Amino acid sequence: MKKIILVRHGKSAWDNPKLSDHDRPLADRGLNDVPEMGLRLKEKGILPDLILSSTAIRASQTAEILAEVLDISTSKIVYEKNLYHASAAMILKCIQRQDDEYDLIFVVGHNPGMNDFIDYFSGNFDNLPTSGLYGWLVDTDHWIQVRAENTKTWFIDYPKK
């Protein structure tokens, strides 16, 4: 059994119009919501073996805050440039190429790709809010075999839930 949790990055700051989209940091709301979501995971005993994160500042901050709250080493974070504004197909590709030694992977990224991934794997889904979590249980021992047919929703959580 493999497990995947998509993590949408925390709310980002828009107060510096000179920053590129890639370089926008978390806003105060994101800096508050991400640790709260990390605590919810910790209370359930959900700790990742690996965190795949977009290289965007807001995503990398999200991954690093989660690692801190969950008391896991930042060496478990892999920054993946292909997750920055990734399509659902690219998110899947990033997951499928992981080593089978990992059983639980967090993927920290962006919409609309995350919503598209959720739609593909779970059917009609409206929107994963910032700092939101969407988890799946995958009936396989090999990441390369992750398909919509062998996944089922594990849980959905977000700050206002």
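The values are calculated or read from the model by the stated rules, or taken from the named source; none is laboratory data. In this text, all values refer to a predicted model and were calculated from it rather than measured experimentally. Note: ideal-geometry Cβ built from the backbone for every residue, glycine included; neighbour counts use all protein chains shown. To get the accessible areas, we keep the full protein, side chains included, count just its heavy atoms, and leave off ligands, DNA and RNA. Shrake-Rupley method; radii C 1.70, N 1.55, O 1.52, S 1.80 Å.
Sort largest first and round to whole Å: the equivalent ellipsoid semi-axes of segment 81-161, each the square root of five times a Cα gyration tensor eigenvalue.
Numbers: eigenvalues 76, 44, 29 Å².
Calculated on Cα positions only, the semi-axes equal 19, 15, 12 Å.
May I ask you to give the solvent-accessible area per residue for the chain, in square angstrom, as obtained with a 1.4 angstrom probe?
49
Just the number: Rg to Rh for segment 24-110, Cα atoms, Kirkwood Rh, two decimals.
0.95
Tell me which residues come under 5 Å, amide H to amide H, from V78 once H is placed; ignore anything under 5 positions away on its chain.
Under 5 Å from the amide H of V78 lie the amide H atoms of I51, L52, S53, each far enough along the sequence or on another chain.
Counting only DSSP beta bridges with both residues in segment 19-159, tell me the antiparallel percent, nearest 5. Walk me through the intermediate numbers first.
Working: 6 of 13 bridges.
Taking every DSSP beta bridge with both residues in segment 19-159, the antiparallel ones total about 45 percent.
Under 19 Å between alpha carbons, and skipping anything fewer than 8 positions from K11 in its own chain: which lysines qualify?
Answer for K11, where 19 Å is the Cα cut-off: K160, K161, listed by chain and number.
Rank by packing, highest mean first: peptides 137-144, 49-56, with packing defined as the count of other Cβ atoms within 10 Å averaged across residues.
So the peptides 137-144, 49-56, ranked by packing, come out 49-56, 137-144.
Can you quote the Å³ per residue value for the convex hull of the Cα atoms in the chain, rounded to an integer?
It comes to 102 Å³ per residue, whole-number rounded.
For R29 and D116, calculate 0.36 nm times their separation in residues minus their Cα-Cα distance, and state this gained length in nm to one decimal.
28.9 nm
Taking H as built 1.01 Å from N, whose amide H comes closer than 5 Å to the amide H of W154, not counting residues under 5 places away?
G135, W136, L137
Quote the relative contact order of the chain in percent (integer), defining contacts as alpha-carbon pairs under 8 Å separated by 6+ residues.
Reported as a whole number, the value is 32 percent.
Starting from the Cα of L137, step 7 Å along the direction of its Cβ; do the same at K161; then give the gap between the two resulting points in nm.
1.6
With Cβ to Cβ distances under 14 Å as the rule, what net charge do the other residues near Q98 carry (K, R +1; D, E -1)?
Around Q98, the surrounding residues sum to -2.
Charges at C-beta only: +1 for Lys and Arg, -1 for Asp and Glu. How large is the resulting dipole of the chain about its Cα centre, in Debye rounded to 20?
With only Lys, Arg, Asp and Glu charged at Cβ, the dipole is about 320 debye.
Would you mind calculating the gained length between Q96 and N16 on full extension (0.36 nm times residue separation, minus the Cα-Cα distance), in nm to one decimal?
Details: separation 80, 0.36 × 80 = 28.80 nm, distance 3.63 nm.
Difference between extended and current length: 25.2 nm.
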